[in-house]
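Have a look at the structure below before the remarks.
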Amino acid sequence: MTVTEIAHAKINLYLDVVGRRADGYHELVTVMQSVSLSDTLTAEREEGEGLSLTTDAALDTGESNLVIRAARAYFKRTAQPFGVRFSLQKNIPMAAGLGGGSADAAAALRALNRLDGNRYPLSVLCEIGATVGADVPFCVEGGTRLCGGIGEITEPLKSRLQGSLVVAIGGEGVFTPWAFAELDRLRGSSFAAEGDIAALRCAVEGGDLAAAASHFYNELEEVILPARPMVGRIKETLYQNGAVAAMMSGSGPSVFGLFREEREAAAASSALLAIGARAFVCKPLA
Ligand code: C5P
């Protein structure tokens, strides 16, 4: 039996770092949004108990890969392992703040569950996912979610936002632990809630694009903007081409632009290619 799962990228419409735990992880208030940009994972059940992964990307396919880590976590829970051959087609840029690895891990959990006769509800897959990475529970369910804890406690939001997105990236990737360590260096131990999450929530649920855009926020921008000049250039190009909002996603260096019309997004994407960025026109997913 073979199953296919689509692993959607996410962007952060809001990311406020509100604390630091004793284990070094950071407490967040974040709104994550699934987008149509995606990887594709197929999983084939095999004889025996072996796991294998092939991919078209330059990516380690061993035990450190999040697909394999997710599979190990799944079988740790069931204690009834079976053999699986995974194949991963990557489109989501890596080390970009788009949650690509977490999306692949979540897709692996959904795929294994299907191969296993839908043993678990999604809530259990989220629990297993939380042991693999902070963003994995979000990626198991997707949509628009307000997330707390270290990102793993999620609450669905009913987004009425319409519009097109451009997700763009240029220059070197960002190693997420480095971004958080830099923020610690800047902030010391003083973290405070910075943005207006209540206003954002209200605008997202009310479908008010301009109001929502005015409350988009990403605290990690202040760390990444000076270190990755392309982030600023991409934001500028998005605004010059009519974006209602342009902001870095996650720990960067990807940037998303929100547009009222798809043709504006397409024009912005061409302008971004001209400055040497990679750009993807995509849609938010409910
Ligand atoms: O959970 P995940 O493996 O995706 O996180 C990668 C790294 O990002 C962590 O090891 C940690 O350094 C940092 N991180 C953090 N606080 C979060 C999420 C991630 O400090 N809420």
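Just so you know, all these numbers are worked out from the coordinates, no wet-lab data involved. Quick caveat, the model's predicted, so the values are computed rather than measured. Methodologically, a virtual Cβ is constructed for each residue, glycine included, from the backbone with ideal geometry; neighbour enumeration extends over all protein chains shown.
With the cut-off at 1.5 for a/c, could you classify the stretch 127-286 from its C-alpha gyration tensor as rounded, prolate or oblate?
Values: a/c = 1.57, a/b = 1.14, b/c = 1.38.
Here the stretch 127-286 falls in the oblate category.
What value, in deg cm²/dmol to 500, does the helix sum -39500 (n - 2.57) over DSSP H runs of n ≥ 4 give at 222 nm once divided by the residues of the chain? Before the final figure, lay out the partial values.
On the way: 10 runs with 104 residues, N = 286.
Result for the chain, helices only: -11000 deg cm²/dmol.
Using θ = phi - 60° and the Karplus curve 6.51 cos²θ - 1.76 cosθ + 1.60, what whole-Hz ³J(HN,Hα) does each residue of the stretch 149-154 get, with Gly and Pro shown as x?
Listing the rounded values in order: x, 9, x, 8, 9, 10 Hz.
What does the charge count near Ile153 come to, summing +1 for each Lys or Arg and -1 for each Asp or Glu among other residues with Cβ under 11 Å from its Cβ? Working shown, then result.
Numbers: positive: Arg145; negative: Glu27, Glu152, Glu155.
After counting each charged neighbour, the total is -2.
Give the relative contact order (percent, whole number) for the chain; include only Cα pairs under 8 Å separated by 6+ residues. Intermediate results must be reported in sequence, preceding the final value.
Numbers: 654 pairs, mean separation 66.2, N = 286.
Value for the chain: 23 percent.
Please compute the net charge surrounding Leu13, taking Lys and Arg as +1 and Asp and Glu as -1 over other residues with Cβ under 12 Å from its Cβ. Walk me through the numbers on the way to the answer.
Working: positive: Lys10, Arg145, Arg201; negative: Asp16.
That sum, taken over residues with Cβ under 12 Å, equals +2.
In the chain, what percentage of the DSSP-assigned beta bridges are antiparallel, given to the nearest 5?
On the way: 46 of 53 bridges.
That works out to approximately 85 percent antiparallel.
Which residues make up the longest stretch of the chain clear of trypsin sites (Lys or Arg not before Pro) that lie in a DSSP loop with no more than 15 other Cβ atoms within 10 Å, not counting the sites?
Working: sites that count: Arg21, Arg119, Lys158, Arg160, Arg260.
The reported range is 161-259.
Once you order the gyration tensor axes a ≥ b ≥ c over the Cα atoms, which shape class does the chain get: rounded for a/c under 1.5, otherwise prolate or oblate by comparing a/b with b/c? Don't skip to the answer; put the middle values down first.
Numbers: a/c = 1.68, a/b = 1.47, b/c = 1.14.
It is prolate, given that a/c is not under 1.5 and a/b is the larger ratio.
Please list, ordered by chain and number, the residues whose modelled amide H lies under 5 Å from the amide H of Ala57; skip anything fewer than 5 residues away on the same chain.
The answer is Lys90.
If packing is taken as the mean number of other Cβ atoms within 10 Å per residue, what is the order of 101-109, 25-33, 130-138, highest first?
On the way: 101-109: 29.0, 25-33: 22.4, 130-138: 24.1.
So the order, starting with the most tightly packed, is 101-109, 130-138, 25-33.
Which value, in debye to the nearest 20, describes the size of the charge dipole of the chain about its Cα centre when Lys and Arg Cβ atoms bear +1, Asp and Glu Cβ atoms bear -1, and nothing else is charged? Please report the intermediate quantities before stating the final value.
Working: 26 positive and 33 negative charges, 52 e Å.
Once rounded to the nearest 20, the dipole reads 240 debye.
Show the residues, 5+ positions off or on another chain, whose built amide H is closer than 5 Å to the amide H of Glu46.
Gly83, Val84, Arg85
Mind checking the dipole of the stretch 27-83: about its Cα centre, +1 per Lys or Arg Cβ, -1 per Asp or Glu Cβ, Debye to the nearest 20?
Details: 5 positive and 9 negative charges, 56 e Å.
In total the dipole reaches around 260 debye.
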